[in-house]
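Since the structure comes first, as structure tokens, the remarks are kept for the end.
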Amino acid sequence: MTPRGNINLAQRPPGFIFRKSRNGVLSRSANLVLHCEHIPLTRIAERYGTPLYVYSASAIRERLAAYTAAFRNVSHTVCYSVKANSNLSILRLLAREGCGFDVVSGGELQRVLTADRRAAKKVVFSGVGKTRAEMTVALKAGILLFNVESESELWALAECAAQLRTTARVALRVNPDVAANTHPYISTGLRKHKFGVPMRESRALYAKASVARSLEVAGVSVHIGSQIKEMPPFDETMSRVADLVRQLREDGHNIEYVDAGGGLGIDYEKPNLAEFANYVSKYAAAVMNPLRGLKVHLLLEPGRSIVGPAGALITRVIYKKSNEGKRFLVVDAAMNDLIRPSLYDAYHQIVPVIQSGGASTGKEKFDVVGPICESGDFLAHDRELPTVEEGDLLAILDAGAYGMALASNYNTRPRAAEVLVSGKTAKAIRKRERVADLMRGEL
Ligand code: LLP
């Protein structure tokens, strides 16, 4: 395979790779076709329709393995953050690899238990608004740790645990007041954010918690935000956490766990996947160095960095149109399928699934938009793309995290199907919704 044009940039090995297509799917053998592992996306789109989320099992496994390798020198558990992509088959795949889970709702917990009942003992439960009903289910399931975010929540949990005559293992999620240099909507570690307990007040709260007989103080947790690509905020945060652990131990608490949260970013514009292992090692150093000598069990909650580049949203061009010279590609995926561009102004690389060789590789600028009735419905603005025709397939890359998970039914659009590829096999892991599914439950 000879990379040409932007093809190199567009590859996401081992998940998404341009290969010369065989199998008679294509008429011109000179074309390079984007494959998910060993299956041409043209074939998958033909079979399952579009818009379609396609994920690579190998990419997910490889990325999890990079975490495990980077943290091999410390006792740790990777608790994949379910919110990034909560499909049962993906959870099951991760559970089989020995992964734990970070959940933020009773619904997510139920998904984990459905995927693998035995994973309960590796579940951490985060979130500012856990209800008593949710806590009760989690206590009955025997989860590893509650990351408690306020005093009120602490007493609610104590009550629930007492009622069940059990004890809840708790960490306080502290707010370290560290800036994360990411989109304001996904930055969580500043005083002005709703998350966590102010670090300064946390010692007093630990003291109160340790008196409650149904609570077992066991750890400290923190999460400063998402899509963070620089290491200093992690380092700074963990230094503060390490100081707190020392103080808490002096106060007589048995702090076994430090939950470092998630947040490691990915490069949506120019990914260098060969560097991922190296990058995770740098992250691991930033997290582990401040904790050196403390002998804690480290919990990690990565979401995006595990599944993001392992997924793509495949869409078909319905129409090409231009309004006074402004050119649009109207595609069959929309903001209801992938809201990240509209909501966070996020950039996702978009490539034609078939890269034709030869002379027709002129570039044009397009807004790539969906059929939804608002101007906020776009997947890319002023995007330079090789010549694309109506009916062509496009792949919107790095859509494995916070893609399907944030999908909605706006404009009564059924949500996309999802397919998981492993080597030479592809299987549907979620059926395409039908309009009847959307109306069920309405009176
Ligand atoms: N732990 C906690 C407590 C979290 O709130 C989050 C993400 C994670 C772990 C996982 O973070 P990750 O490793 O995926 O960065 N919808 C946004 C991202 C929202 C992140 C919310 N919390 C987006 O599409 O960029």
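So the check is Cβ under 6 Å with 6+ separation or different chains; which pairs have a first residue in region 209-238 that's closer than 27 Å to P309 by Cα and a second one that's hydroxyl-bearing (S, T, Y) and modelled with pLDDT of 95 or more?
Sorted first by the residue in region 209-238, then by its partner, the pairs are V222/T237; I224/T237.
Hey, among the residues in region 158-199 that are open to solvent by 20 Å² or more (accessible area, probe 1.4 Å) and of a type in the set (A, V, I, L, M, F, W, C), which one's nearest to the ligand (Cβ to nearest atom)?
Ranking the qualifying residues of region 158-199, first place goes to I186.
Select, from R96, R118, R92, R132, the only residue that is under 18 Å from L144 (Cβ atoms) and modelled with pLDDT of 95 or more.
One residue alone meets the criteria, R118.
For region 257-352, which helices (runs of 4 or more DSSP H) that fit wholly inside it have 1 or more residues that are open to solvent by 20 Å² or more (accessible area, probe 1.4 Å)?
276-288, 340-344
If you take the residues of region 208-229 that are open to solvent by 50 Å² or more (accessible area, probe 1.4 Å) and part of a helix (DSSP H, G or I), which of them is farthest from the ligand (Cβ to nearest atom)?
V211
Considering only residues that are more than 14 Å from S342 (Cα to Cα) and either surrounded by fewer than 20 Cβ atoms within 10 Å (Cβ to Cβ) or modelled with pLDDT under 95 (or both), which ones fall in region 389-416?
E389, E390, G391, D392, A405, N409, N411, T412, P414, R415
What pairs can you find where one residue is in region 383-407 and more than 16 Å from the ligand (Cβ to nearest atom), the other is assigned to a helix (DSSP H, G or I) and not hydroxyl-bearing (S, T, Y), and their Cβ atoms are less than 7 Å apart, with a gap of 6+ or different chains?
L393/L41; L393/A45; A395/L41
Kindly evaluate P232 against the criterion of being under 22 Å from the mean Cα position of the chain (by Cα) and more than 16 Å from the ligand (Cβ to nearest atom).
yes
Mind telling me which of the residues R173, R165 ends up being in contact with a His (Cβ under 9 Å, 6 or more places away or on another chain), of a type outside the set (G, A, S) and in the same structural domain as G252 (by TED's automatic domain parsing)?
From the options R173, R165, the qualifying one is R173.
Given the criterion within 30 Å of G129 (Cα to Cα) and in contact with a Cys (Cβ under 9 Å, 6 or more places away or on another chain), identify the matching residue among V82, V54, V78.
The match here is V78.
Looking at (1) under 20 Å from D398 (Cα atoms); (2) in contact (Cβ under 8 Å) with a residue 60 or more places away in the chain; (3) within 14 Å of the ligand (Cβ to nearest atom), find the lone condition where D332 falls short.
Going through the list (1) under 20 Å from D398 (Cα atoms); (2) in contact (Cβ under 8 Å) with a residue 60 or more places away in the chain; (3) within 14 Å of the ligand (Cβ to nearest atom), D332 breaks only (3).
Does any residue in region 248-268 that is in the same structural domain as G196 (by TED's automatic domain parsing) and closer than 15 Å to P302 by Cα come within less than 6 Å, Cβ to Cβ, of a residue that is in a loop (DSSP other than H, G, I, E, B) and away from the ligand (no atom under 13 Å from the Cβ) six or more places away or on a different chain, and which pairs are these?
Within 6 Å, the pairs are V258/V296.
For region 147-157, what are the residues that are in contact with a strand residue (DSSP E or B) (Cβ under 6 Å, 6 or more places away or on another chain) and either surrounded by fewer than 18 Cβ atoms within 10 Å (Cβ to Cβ) or over 15 Å from K208 (Cα atoms) (or both)?
N147
State whether the residues of region 240-263 include one that is closer than 16 Å to N175 by Cα and either among the basic types (K, R) or modelled with pLDDT under 95 (or both).
Yes, some residue in region 240-263 is closer than 16 Å to N175 by Cα and either among the basic types (K, R) or modelled with pLDDT under 95 (or both).
Would you say A359 is modelled with pLDDT under 95 and not in a strand (DSSP E or B)?
yes
Do any residues in region 182-197 that are over 22 Å from A209 (Cβ atoms) have Cβ atoms under 7 Å from those of residues that are of a type in the set (D, E) and part of a loop (DSSP other than H, G, I, E, B), where the two are at least six apart or on different chains, and which pairs are they?
L190/D177
Could you identify the single residue in A120, A115 that is open to solvent by 10 Å² or more (accessible area, probe 1.4 Å) and closer than 24 Å to R304 by Cα?
Within the list A120, A115, the selection yields A115.
Any chance you could count how many residues in region 417-443 are within 29 Å of E37 (Cβ to Cβ) and open to solvent by 60 Å² or more (accessible area, probe 1.4 Å)?
The total comes to 7.
The values are calculated or read from the model by the stated rules, or taken from the named source; none is laboratory data. Quick caveat: nothing in here was measured; it's all calculated off a predicted structure. Reconstructed Cβ throughout: ideal geometry from the backbone, glycine too, with neighbour counts over all protein chains shown. We work out accessible area using only protein heavy atoms, side chains counted, and drop any ligands, DNA or RNA first. Shrake-Rupley method; radii C 1.70, N 1.55, O 1.52, S 1.80 Å.
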